[in-house]
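Take a look at the structure set out below.
The values are calculated or read from the model by the stated rules, or taken from the named source; none is laboratory data. Please read these numbers as outputs of a predicted model, since none were measured by experiment. In this analysis, Cβ positions are derived from the backbone assuming ideal geometry, glycine residues included, and neighbour counts consider all displayed protein chains. Surface accessibility is based on the protein's heavy atoms, side chains included, excluding ligands, DNA and RNA. Shrake-Rupley method; radii C 1.70, N 1.55, O 1.52, S 1.80 Å.
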Amino acid sequence: MEPPPNNQEQEQSNTEQHGEESNNLASAFACAFVFTEMALVGIILSKAADSLVENQEILLVKVFHLRKKAGALETLKEMETNIVRYRCLILSILLIVLIASGTIFLTTVETMEFVNVLYCVCSTITTLGYGDKSFSTAYGCVFAIFWILMSTICLAQLLFAFAELYTETRQTSLVKWVLTRRTTTADLEAADLDDDGVVLAAEFAIFKLKEMGKITQEDVLLILEEFKSLDVDDSGTLSASDIYLAQS
């Protein structure tokens, strides 16, 4: 027969079990904390980056139109037209500056070779982070806190801007095709919303907007339903009296 375990062994076993449970709880808390922190930091820094890029876009538009002396309305119109292109340009410049600053810092302060510097910079800003090449000095760690956050978010914003630019380019091509193609009798039948054999300007505009992908048939039906609910006297038009009666 095996001798029964003494009190000391039982206490040690209970302590180890309690420590394992505490480690599991701490690990679960760390996982939740990391994801929450990443989400909050990402949102805050993304908002800050958007604000910075927007200010740089306004400045860039003013510089491009300096000789024309464009006013606030012209600047706003130019931004709305080319906002994605300006965003790509500004983010590309910011990313080049961040890559250059990280390269210079790693070369001078961390005393790395140029090939290792490029490897460290690329693996860091793309969030690969193999860890074999990293910041080792105290100044390097402080610099990395801000540099890694800014560079990774800048790269993510740039990739998103490029995707948005590609989508906008395809949408512009579709709009040009819709506006330049010949209108057929089948198009007029599709544009005739009330089936009266006549296409009004509003109906034709709605048909073209649906072709461009700006609106859908469901959007049109919802708007027509709202119009009917406001048209209390069923006259086919809206007036101030209709609005007053519908609201009361």
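Of all the criteria given as (1) modelled with pLDDT under 85; (2) buried (at least 16 other Cβ atoms within 10 Å of the Cβ); (3) assigned to a helix (DSSP H, G or I), the one not satisfied by residue 133 is (3).
Tell me, which helices (runs of 4 or more DSSP H) lie completely within region 139-248 with 2 or more residues that are of a type in the set (Gly, Ala, Ser)?
Numbers: elements: 185-191, 201-212, 217-230, 240-247.
The helices (runs of 4 or more DSSP H) meeting that bar are 185-191, 201-212, 240-247.
For residues that are more than 27 Å from residue 225 (Cβ to Cβ), aliphatic (A, V, I, L, M) and open to solvent by less than 90 Å² (accessible area, probe 1.4 Å), tally how many sit in region 173-203.
Residues of region 173-203 that are more than 27 Å from residue 225 (Cβ to Cβ), as a first pass: 173-177, 179-185.
If we keep only those that are aliphatic (A, V, I, L, M) as well, we get 174-175, 179.
If we keep only those that are open to solvent by less than 90 Å² (accessible area, probe 1.4 Å) as well, we get 174-175.
So the answer is 2.
So for region 176-188 (the condition being within 30 Å of residue 92 (Cα to Cα) and within 34 Å of the chain's Cα centre (by Cα)), does at least one residue qualify? The answer is yes; a qualifying residue exists.
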